[in-house]
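Okay, so here's the structure we're looking at.
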Amino acid sequence: MRVAIVTETHLPDVGGRSWVLEKLGGGLAGLGHDVRVWSGGAGCGAEERVGGCLVRRMGMNPWGRLVGAWREERPEVVYVAMGGWRGMGAVAAARCLRIPFGMEYREGFGERVARGGLGWLGRPAGRVQHWVHGLGAFSVVASRGEVETLEKGGYGRVVRVGSGVDCDWFHPDHRDEAMRRTWGVSPWLTVGLMGGGVVREGNVPLVLEAVKGLQSRGVRVQAVVAGEGPFLEECRERWPWAVYTGRMDRRRLAVTAASCDLLALPSMTETGGREILEGMASGLPVVAFDSGVVREHVVHGVNGWVETPGSDAGYARLLGRVVQMSEEQRLPVCRGARRTALGLTWEVVVGRFEAVLRRGAAGEWPEGAIPPTVPSPSAT
């Protein structure tokens, strides 16, 4: 099958949606598909092979560039994994040539317009987004909850593909006691890792205040805040005793995750789920609110612990109970987290994506929510 993927960047580990090429595109190429990736950014016409995919730059005229190229080498299906005018150019090109296409759904387009000071455009922008997705063969979302939300909002042909995880790269064996010593952590101290961008919406103060309260009662616990973001400096000023890793490459992130004891995710807005899976693959049980992608993967007491959304006090109490558990009490849940990740490798996700593309190319209605892979309470 000849597949065209339109995405924001072709450079691995440079943010954006690089994993669309690195994992989905590369995975399809590994299955024998002819994958052509059209990348945003400066330049036009240059091409190279990355992960088995032929990568080309669209330049400043995506519509003209793509129409010309797709007329010469017609893809069977197009997947648009970028927004903005380049994404719209790709949609227009596929429509012009009557090539089936699907799109990644980007949540809250109308809300982002409104936050930009153009509140009166929020609702019309939302209607435009709805209309554009209605032109495609399918819309891809990250979670089963998003499938339900979009279908209630009138969207059709919504499919969940989700993210995957490299369980060899993120592995409990990467635990580094020397790194823990640089954090000032003794061997018996529990460490909570908060992944993702350090943003105010991530609810970081909830965990830091909870940890501070536990420390004041003599509980040996430390908080490690992974990553960077606009809220990082304020956190350093208000909670200087915590460990802040700043920006990390993929290798250091894997070692950092494995060197912690649990993954604290207090955010109510997280939707991507990559940090959840990377933490689980590293053997970290998750402490989070029962919403969004968390609900897809976390079973309370089996591979993590969840609290009712909106109950900050309940979350703080739950985190306190988990921190004060013995290693023997947490061990079965750590094993459950690892088992969950092993069922959500990139091979599994690429298989889902391949099935969606085949059905989209054939004009069939893709499956909706794909049941999450979680261990049963009786799993060993």
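Summed over region 68-84, residues that are outside any helix (DSSP H, G or I), at pLDDT 90 or above and not hydroxyl-bearing (Ser, Thr, Tyr) total 7.
Count of region 312-332 residues, restricted to those that are within 13 Å of residue 219 (Cα to Cα), loosely packed, with under 13 Cβ neighbours inside 10 Å and modelled with pLDDT of 95 or more, is 1. Being under 26 Å from the mean Cα position of the chain (by Cα), at pLDDT 85 or above and either assigned to a helix (DSSP H, G or I) or buried (at least 17 other Cβ atoms within 10 Å of the Cβ) (or both) is a property that residue 20 lacks. From the list 281, 316, 337, the one residue that fits, being in contact with a strand residue (DSSP E or B) (Cβ under 6 Å, 6 or more places away or on another chain) and touching a residue at least 24 places away in the same chain (Cβ under 8 Å), is 281. Filtered by the rule that a residue be modelled with pLDDT of 95 or more and more than 15 Å from residue 191 (Cα to Cα), region 239-250 gives 239, 240. Residues that are modelled with pLDDT of 85 or more and within 11 Å of the chain's Cα centre (by Cα) are absent from region 301-311 altogether. Taking region 288-317 as the range and being touching a helix residue (DSSP H, G or I) at 6+ places or on another chain (Cβ under 9 Å) and in a helix (DSSP H, G or I) as the test, the residues that pass are 292, 293, 294, 295, 296, 297, 312, 315, 316, 317. Taking the condition more than 16 Å from residue 346 (Cβ to Cβ), surrounded by fewer than 17 Cβ atoms within 10 Å (Cβ to Cβ) and modelled with pLDDT of 85 or more, does residue 65 pass? For residue 65, the condition - more than 16 Å from residue 346 (Cβ to Cβ), surrounded by fewer than 17 Cβ atoms within 10 Å (Cβ to Cβ) and modelled with pLDDT of 85 or more - is not met.
So which residues in region 23-57 are on the phi > 0 side of the Ramachandran plot and at pLDDT 90 or above, if there are any at all?
32
The values are calculated or read from the model by the stated rules, or taken from the named source; none is laboratory data. All of these numbers come straight from a predicted model, not from anything done at the bench. Please note: Cβ atoms are built from the backbone with ideal geometry, for glycine as well, and neighbour counts cover all protein chains shown.
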